[in-house]
């Protein structure tokens, strides 16, 4: 939900290639090749279902820092509704976000697409106010129920990193947005969303 950010919003992804290694065993007379290691390289985890916990209708409480990266601690709080569903035959998902803030109405959409080769998600946010999906995508993945997603962009003339954090839960997930001006050494959280499933 990049409403704090400019209309635009990735970090380079490196791929490690694993090669079989052959060692050499020594005996008293000469050296000879040891048996090749038949162990298979570890399989990348398939994260296509990482966001399945979010499918359905939610009531959400939102806290938004009004003046990020200024030292201000002035927050606005408001409630929202979120409806999430799969798209692209399960290779992606989207949610629709509606909220009345103290100063405006937000009507937005988040689109997430899974790359089965990189095993990472690309996340795009768009709203009536922006009029387009934000670029670059915010990219990352889940590990042990915690999803971290990053991009790099300009904000008020500063080059910053942006981080989304998702804590997966079937009944009470949590989302955070944070900015960093020092290359990711420190982060200022500027938007927090907590969710409860709407059973109505």
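Give the range 95-109 a look and list any residue that's surrounded by 15 or more Cβ atoms within 10 Å (Cβ to Cβ) and more than 12 Å from residue 51 (Cα to Cα), or say none. Write out each step before concluding.
Narrowing the range 95-109 to residues surrounded by 15 or more Cβ atoms within 10 Å (Cβ to Cβ): 95, 97, 99, 101, 106, 108-109.
Result: 97, 99, 101, 106, 108, 109.
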Inset, instruction - Show the residue pairs that are 6+ apart or on different chains and have beta-carbon atoms under 6 Å apart, the first residue being within the range 170-185 and on the phi < 0 side of the Ramachandran plot, the second being exposed (fewer than 11 other Cβ atoms within 10 Å of the Cβ). - result: 181/158
Inset, instruction - Run residue 168 past the list (1) at pLDDT 95 or above; (2) out of contact with any helix residue (DSSP H, G or I) (no Cβ under 6 Å at 6 or more places or on another chain) and report the number of the one that doesn't hold. - result: (2)
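Given the structure, is residue 91 in contact with a strand residue (DSSP E or B) (Cβ under 9 Å, 6 or more places away or on another chain), at pLDDT below 90 and farther than 30 Å from residue 158 by Cα? It would help to see each step written out before you state the result.
Details: in contact with a strand residue (DSSP E or B) (Cβ under 9 Å, 6 or more places away or on another chain): yes; at pLDDT below 90: no; farther than 30 Å from residue 158 by Cα: yes.
It is false that residue 91 is in contact with a strand residue (DSSP E or B) (Cβ under 9 Å, 6 or more places away or on another chain), at pLDDT below 90 and farther than 30 Å from residue 158 by Cα.
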Inset, instruction - Among the residues of the range 125-152, count how many are more than 23 Å from residue 63 (Cβ to Cβ) and over 9 Å from the mean Cα position of the chain (by Cα). - result: 9
Legend entry - Count of the range 127-149 residues which are surrounded by 17 or more Cβ atoms within 10 Å (Cβ to Cβ) and at pLDDT 95 or above: 8
Inset, instruction - Mind listing whichever residues of the range 69-94 are within 22 Å of the chain's Cα centre (by Cα), closer than 21 Å to residue 174 by Cα and surrounded by 13 or more Cβ atoms within 10 Å (Cβ to Cβ)? - result: 80, 81, 82, 83, 84, 86, 92, 93, 94
Inset, instruction - Using the structure shown, decide if residue 7 is at pLDDT 95 or above, at negative phi and either exposed (fewer than 15 other Cβ atoms within 10 Å of the Cβ) or in contact with a strand residue (DSSP E or B) (Cβ under 7 Å, 6 or more places away or on another chain) (or both). - result: no
Inset, instruction - Mind telling me which of the residues 78, 53 ends up being more than 17 Å from residue 110 (Cα to Cα) and either outside any loop (DSSP other than H, G, I, E, B) or touching a helix residue (DSSP H, G or I) at 6+ places or on another chain (Cβ under 8 Å) (or both)? - result: 78
Inset, instruction - Return yes when residue 158 is under 19 Å from the mean Cα position of the chain (by Cα) and farther than 26 Å from residue 57 by Cβ and no when it is not. - result: no
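Considering each residue of the range 44-58, count those that are in contact with a strand residue (DSSP E or B) (Cβ under 7 Å, 6 or more places away or on another chain) and closer than 15 Å to residue 170 by Cβ, and give that number. Give the derivation first.
Of the range 44-58, the ones in contact with a strand residue (DSSP E or B) (Cβ under 7 Å, 6 or more places away or on another chain) are 47-48, 50-51, 54-58.
Retained after the next criterion (residues that are closer than 15 Å to residue 170 by Cβ): 50-51, 54-58.
Counting residues in the range 44-58 that are in contact with a strand residue (DSSP E or B) (Cβ under 7 Å, 6 or more places away or on another chain) and closer than 15 Å to residue 170 by Cβ gives 7.
The values are calculated or read from the model by the stated rules, or taken from the named source; none is laboratory data. On a predicted model such as this, the values are computed, not experimentally measured, just so you know. Cβ atoms come from the backbone with ideal geometry, glycine included; neighbour counts cover every protein chain shown.
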